[in-house]
Amino acid sequence: MKKDEVKRIGGTEQDQSIDAARALAEETGTDEEAREYENGFTIKTVIGALFIGFIMMPGAMYMGLVAGQGLGPAAQWVTIVLFAEVARRSFVPLKRAEIYTLYYVAGGLSGMMAAKGLSGGPFAGLIWNQYFIQSPQAAHVAHEIPSWVVPPPGSEALLDRTFLSSAWIVPIALLLLGEVLGRLNWIGGGYVLFRLTSDVERLPFPMAPVAAAGATALAEAGTKEESWRWQVFSTGTVMGLLFGAVYMFIPIVSGVILAKPIMLLPIPFIDFTVNTEKILPATPIGLVADLQLVLIGFVIPFPIVAGSFIGVIVFQIIGNPILHRMGFLPTWREGMGTITTKLSNDVDFWLSVGIGTGVAVGLIGLGSVIRSAIKMRGQPERDRPIQGVPKGRGDFPLWIGLAMWLVATVGYIWISHILVPGFPFWILLVFGLIWTPLISYVSARMIGLTGQGVGFPFLREAVFMKSGYTGADIWFVPFPMHDLGGTAQRFRELELAKTKFTSIFKAELLMLPTILIASFVFWQFFWHTSQIPSAQYPYANRFWPLEATMQSIWITANKAGADNFLLKALKPDVIIGGGILALVLYALSTALKIPLLMYYGLIGGMNGRIHEALPMFAGALLGRYYFAKRFGAGRWAMYAPVLLAGFSCGVGLTGMSGIALALIAKSINYLPF
């Protein structure tokens, strides 16, 4: 695809992505087409997966509950640096394919549910379910939550805080089955989408080269040679160690010794809402005192950060007081903090706006796909049909990929129908066999063209509400509605890193038992030693009640009656207005030639918070107008991700040191001497 064509499709993001791909080729010093595909699944990968699962995972779990953060990049970088150093001293340096596979495994084992601050594998979901069914927010629906989700309130399994009970057999069996189906779903469906969008249509996937370049950075950092990557990484690590000592280590260790942890920097944020309510009524004001947000501002494209900051200022800081005076935010009262203010504003107004803008953005993406398809059909010379798969890439026949996806989809449909037989079966068929492949292909093409997917928010919830089914159990079934578009990029990243696809297939076979065993063991330990959440876990203690409130609202959404809280919150006129506003802003952005990424940032910032937007924007300004001028824009673009990774690693190491002490202290509490 020519550069001017890419500009018309996506603007700034595509230009930056092309530059990133060229920088990757220059840094590696090799020709992408000439290099052979390598196997990344070796004994080093196996040891790395076990190291992450049984050493890193408990740290990630604890950090999530305390600060709402996972190890994420820290787990990836620490693992790579450690194994690369051992390999270097053993005179068997890691291959780039091994590095990328380790990077992939570390990311998969250290993932988290961001809103709840939960990481640590699939059993984290069961920890949430046990809290939710016992929470005051779920008191009115707890009796309707089936036992195949979580044991009922008052059961011995919940009172004793243990998974070692017969009451958990069915929930755990469904969890295991879901893990297997999930891997069949994304591997099979993602591979087919990759073949269609990358091999046949030759879409650029502008964000994939960035991930592939990460493997190169990890390799050089691990060798500890005199390279700029190692120097930048070390600088970030020292910054992370110093900041992590204040932000993570002191609260974690003091929380074990004292009844309430000492937090020099409030976690998760400093709340000024009550102090500013006279000037800015119904407006959540605060600041997340996390230096990592500043460094994230270095990395995220400037138009996205700037657009998000503008959206927060215009719609939240300026807009909320105006909306309050006009009577659109009637629930808010003086004395409410950030969390309650945000919740009341969402219910009164912003939830409906979010639905409208989300649908509009989805329609914009769908329209882009249709226009591109029409253009390609009129210009067949631009479409390069597949000439056979590259030799040694690790491909398998397309029919196997389709069969894997079909087995997973039929499995989801069958399980959902067995668990909730009263729900209309035709809806399960439509969304599993028609909607999922359609939206997945549209999303994969959008990601391949612009790096941004497409989605229709709250579609699942709307289906449940309009289906006529009023049971609460439908909200817990594995509903067969998926967007597999993003998985196509995973295969493109593998291709760019010259890693055989079979490496990831083998890695998934290893990761499945590893994550299940480690997740079970460590969540059993955490839950049995102390209630989750509690004062020992500040983030969970503060945010889980909000998440439980929102979930209880959704669970009642499909029930009849005038007192339905959610149905009152869904305002058709506001939804339509939000959609029209998003379309108008898109038209203005196109007419004024504003970067498309700024538009997406603006839409995302509409219902954002100044707490995170301000430090990220400060970082973006600092990076763009100081560091980029000092080091050069191109060089700074390569420095920033490595600096962020080093910082994350430093914070993770400091946090894990505190976590190790906390876990030892908790274990000693149960000894008889």
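When the residues of the range 518-539 are filtered to those that are small (G, A, S) and over 23 Å from D290 (Cβ atoms), the one that is surrounded by the fewest Cβ atoms within 10 Å (Cβ to Cβ) is S530.
Screening G619, G608 for residues that are closer than 30 Å to L323 by Cβ, at pLDDT 85 or above and either in contact with a His (Cβ under 7 Å, 6 or more places away or on another chain) or not aliphatic (A, V, I, L, M) (or both) leaves exactly one candidate, G619. Filter the range 377-399 down to the residues that are surrounded by fewer than 13 Cβ atoms within 10 Å (Cβ to Cβ) and either modelled with pLDDT under 70 or assigned to a helix (DSSP H, G or I) (or both) and list them by number. Within the range 377-399, R377, G378, Q379, P380, E381, D383, R384, P385, I386, Q387, G388, W399 qualify.
Looking at the range 89-101, can you tell me whether even one residue there is on the phi < 0 side of the Ramachandran plot, surrounded by fewer than 18 Cβ atoms within 10 Å (Cβ to Cβ), small (G, A, S) and at pLDDT 70 or above? Scanning the range 89-101, I find no residue that is on the phi < 0 side of the Ramachandran plot, surrounded by fewer than 18 Cβ atoms within 10 Å (Cβ to Cβ), small (G, A, S) and at pLDDT 70 or above, so the answer is no. From the list T436, T409, the lone residue that is at pLDDT 90 or above and either part of a helix (DSSP H, G or I) or surrounded by 20 or more Cβ atoms within 10 Å (Cβ to Cβ) (or both) is T409.
Looking only at the range 318-360, which residues are assigned to a loop (DSSP other than H, G, I, E, B) and without any contact (Cβ under 8 Å) to a residue 12 or more places away in the chain? Of everything in the range 318-360, those that are assigned to a loop (DSSP other than H, G, I, E, B) and without any contact (Cβ under 8 Å) to a residue 12 or more places away in the chain turn out to be M326, G327, R333. Against the numbered list (1) in contact (Cβ under 8 Å) with a residue 24 or more places away in the chain; (2) part of a helix (DSSP H, G or I); (3) touching a Pro at 6+ places or on another chain (Cβ under 8 Å), N541 comes up short only at (1).
Out of all the residues in the range 582-634, which are of a type in the set (F, W, Y) and within 30 Å of T340 (Cα to Cα)? Of everything in the range 582-634, those that are of a type in the set (F, W, Y) and within 30 Å of T340 (Cα to Cα) turn out to be Y599, Y600, F617. Output the residues belonging to the range 320-353 that are among the small types (G, A, S) and either surrounded by fewer than 20 Cβ atoms within 10 Å (Cβ to Cβ) or touching a strand residue (DSSP E or B) at 6+ places or on another chain (Cβ under 7 Å) (or both). Listed by number, the residues that qualify are G327, G335, G337, S344. Looking at the range 461-496, which of the residues that are among the aromatic types (F, W, Y) and under 21 Å from A408 (Cα atoms) is surrounded by the most Cβ atoms within 10 Å (Cβ to Cβ)? Per the criteria, the residue is F491.
For beta carbons closer than 7 Å, sequence separation of 6+ or different chains, a first residue in the range 94-109 that is without any contact (Cβ under 8 Å) to a residue 40 or more places away in the chain and a second that is part of a helix (DSSP H, G or I), the qualifying pairs are G107/Q76.
For the range 564-575, the candidate set comprises residues that are surrounded by 15 or more Cβ atoms within 10 Å (Cβ to Cβ), at pLDDT 80 or above and in a helix (DSSP H, G or I); within that set, the residue that is nearest to the chain's Cα centre (by Cα) is I575.
Selection of helices (runs of 4 or more DSSP H) fully inside the range 181-297 by the criterion of at least 2 residues being modelled with pLDDT of 90 or more returns 228-244, 273-276.
When you go through L622, L597, L583, L546 one by one, which is the residue that is surrounded by 20 or more Cβ atoms within 10 Å (Cβ to Cβ), in contact (Cβ under 8 Å) with a residue 40 or more places away in the chain and either in a helix (DSSP H, G or I) or not polar (S, T, N, Q) (or both)? One residue alone meets the criteria, L597. Has the range 290-300 got at least one residue that is more than 26 Å from G244 (Cβ to Cβ) and under 19 Å from the mean Cα position of the chain (by Cα)? Scanning the range 290-300, I find no residue that is more than 26 Å from G244 (Cβ to Cβ) and under 19 Å from the mean Cα position of the chain (by Cα), so the answer is no.
The values are calculated or read from the model by the stated rules, or taken from the named source; none is laboratory data. Please read all numbers here as calculations on a predicted model, not as lab measurements. Cβ atoms come from the backbone with ideal geometry, glycine included; neighbour counts cover every protein chain shown.
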